[in-house]
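Report on the structure given below.
Rule-based calculations on the coordinates, nothing more; no lab input. What you see is a predicted model, and the numbers here were worked out from it, not measured in a lab. Here the Cβ positions follow ideal geometry from the backbone for every residue, glycine too, while neighbour counts run over all protein chains shown.
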Amino acid sequence: MLKQVLNTEPNLDSADDFYEALIHAHRDLLPEQSHAMNAKLILLLANHIGSQSVLVQALCAARDTTLSGHLDAH
């Protein structure tokens, strides 16, 4: 089976609308609730993706870009 590769190219329909919905979902939450919601969202999306390889690539990209201060995951 071919190894799946994380897509880091823009691929989100209506990115601004999603961002607005994400911000709205966090409205009125305490910081602890917001962190818990983020964790639940990550687990739901990870389940949807389903590929351990892609998920590990995403974890590495997120950590690397966080440590380097760059937003671009390439």
**Report entry** Filtered residues of the stretch 56-74 (kept if surrounded by 11 or more Cβ atoms within 10 Å (Cβ to Cβ), without any contact (Cβ under 8 Å) to a residue 40 or more places away in the chain and not aliphatic (A, V, I, L, M))
**Finding:** C60, D64, T65
Query raised in the report: part of a helix (DSSP H, G or I) and charged (D, E, K, R): does that describe E32?
Result: yes
Query raised in the report: touching a helix residue (DSSP H, G or I) at 6+ places or on another chain (Cβ under 8 Å), exposed (fewer than 12 other Cβ atoms within 10 Å of the Cβ) and without any contact (Cβ under 8 Å) to a residue 40 or more places away in the chain, is that true of L12?
Result: yes
Report task. Return yes or no: is Q4 in a loop (DSSP other than H, G, I, E, B) and surrounded by 11 or more Cβ atoms within 10 Å (Cβ to Cβ)? Result -> yes
Query - Close pairs from the stretch 32-55: first more than 17 Å from L6 (Cα to Cα), partner among the aliphatic types (A, V, I, L, M), Cβ under 8 Å, at least 6 apart - result: M37/A25; M37/L29
